[in-house]
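The structure appears right after this line, and notes come after that.
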Amino acid sequence: MKSTQKLCSIDRCSKPALTRGYCSGHYSRFLKYGDPLKGGSPRLTDPEASFALRTEWRNGCLEWTAAVAPHGYGMMALKGAVVLAHRYAWQRERGPIPEGIRVDHICHNPRCCNIEHLRLVTPKQNCENLTGATKASKSGHLGVHPSRNKWRVRVRSYGKMYDGGTFATIEEAVVAARALRNKLFTHNDADRT
């Protein structure tokens, strides 16, 4: 005997019905909005219309206002695949992105899709354009590490660690770390301002 599972009662929804004849998504909208068709993001098949609907100008950045990846980059559906919104913005304006190349945010805003705030870089150059220390930093400063009641400067470039010396004060170490990065890096914009 073949069992048939009921489908969601909403037209063109092929998900299984769970409660009140709705799938989980439509039932959630029913609970939240009182209507299973309200809320949610409209489904658009045209990527240009989707991009226009989901971006907004804020402080010079064309910000992605819809779904974002864990690191804050905008995500959109394109031909059945999920793509990063800033990469889509680059490709629609400037063409294909070469293999192994990244699209860097000069403005440090991962939601930004403003083509004037983006540039093509190598993975190394992308890592150079940082605004500060990582969450794991014990000093709170990029390239500055505590070392026996002093501060040691260390900067990695092309997989090699460069030593910038040891300093009595954190202020001296921060200045030395910035100088070493400026010597080794080409895309560390925050250090050059």
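Exactly one residue among 92, 54 is under 30 Å from residue 126 (Cβ atoms), at pLDDT 95 or above and charged (D, E, K, R), and that residue is 92.
Summed over region 97-112, residues that are in a loop (DSSP other than H, G, I, E, B) and under 19 Å from residue 125 (Cα atoms) total 10.
Specify which of the listed residues (89, 133, 176) is closer than 30 Å to residue 68 by Cβ, touching a Gly at 6+ places or on another chain (Cβ under 6 Å) and without any contact (Cβ under 8 Å) to a residue 40 or more places away in the chain.
Result: 133 is the single residue among 89, 133, 176 that is closer than 30 Å to residue 68 by Cβ, touching a Gly at 6+ places or on another chain (Cβ under 6 Å) and without any contact (Cβ under 8 Å) to a residue 40 or more places away in the chain.
For the residues 67, 17, the requirement of being over 26 Å from residue 187 (Cα atoms), more than 18 Å from the chain's Cα centre (by Cα) and either at pLDDT below 85 or not basic (Lys, Arg) (or both) singles out 17.
Every residue in region 84-112 that is small (Gly, Ala, Ser) and surrounded by fewer than 15 Cβ atoms within 10 Å (Cβ to Cβ), please.
As a first pass, look at region 84-112 and keep what is small (Gly, Ala, Ser): 85, 89, 95, 100.
Answer for region 84-112, where residues must be small (Gly, Ala, Ser) and surrounded by fewer than 15 Cβ atoms within 10 Å (Cβ to Cβ): 95, 100.
Inside region 1-95, counting only helices (runs of 4 or more DSSP H) that do not spill past its ends, which hold 3 or more residues that are among the basic types (Lys, Arg)?
Counting at least 3 such residues, we get 85-94.
Among residues of region 136-151 being touching a helix residue (DSSP H, G or I) at 6+ places or on another chain (Cβ under 7 Å) and assigned to a strand (DSSP E or B), the one that is surrounded by the most Cβ atoms within 10 Å (Cβ to Cβ) is 144. Quickly run through region 113-129 and pick out the residues that are buried (at least 17 other Cβ atoms within 10 Å of the Cβ) and assigned to a loop (DSSP other than H, G, I, E, B). 113, 114, 129 - these are the residues of region 113-129 that are buried (at least 17 other Cβ atoms within 10 Å of the Cβ) and assigned to a loop (DSSP other than H, G, I, E, B).
Considering every residue within region 161-179, establish whether at least one is assigned to a loop (DSSP other than H, G, I, E, B), buried (at least 17 other Cβ atoms within 10 Å of the Cβ) and not basic (Lys, Arg). No, region 161-179 contains no residue that is assigned to a loop (DSSP other than H, G, I, E, B), buried (at least 17 other Cβ atoms within 10 Å of the Cβ) and not basic (Lys, Arg).
Going by what's in this entry, would residue 133 be described as assigned to a loop (DSSP other than H, G, I, E, B) and either surrounded by 15 or more Cβ atoms within 10 Å (Cβ to Cβ) or of a type outside the set (Val, Ile, Thr) (or both)? When the stated conditions are applied, residue 133 passes them.
The values are calculated or read from the model by the stated rules, or taken from the named source; none is laboratory data. Bear in mind that the values here come from a model prediction, so they are computed numbers and not experimental data. Here Cβ is always computed from backbone atoms with ideal geometry, including for glycine, and neighbour counts include all displayed protein chains.
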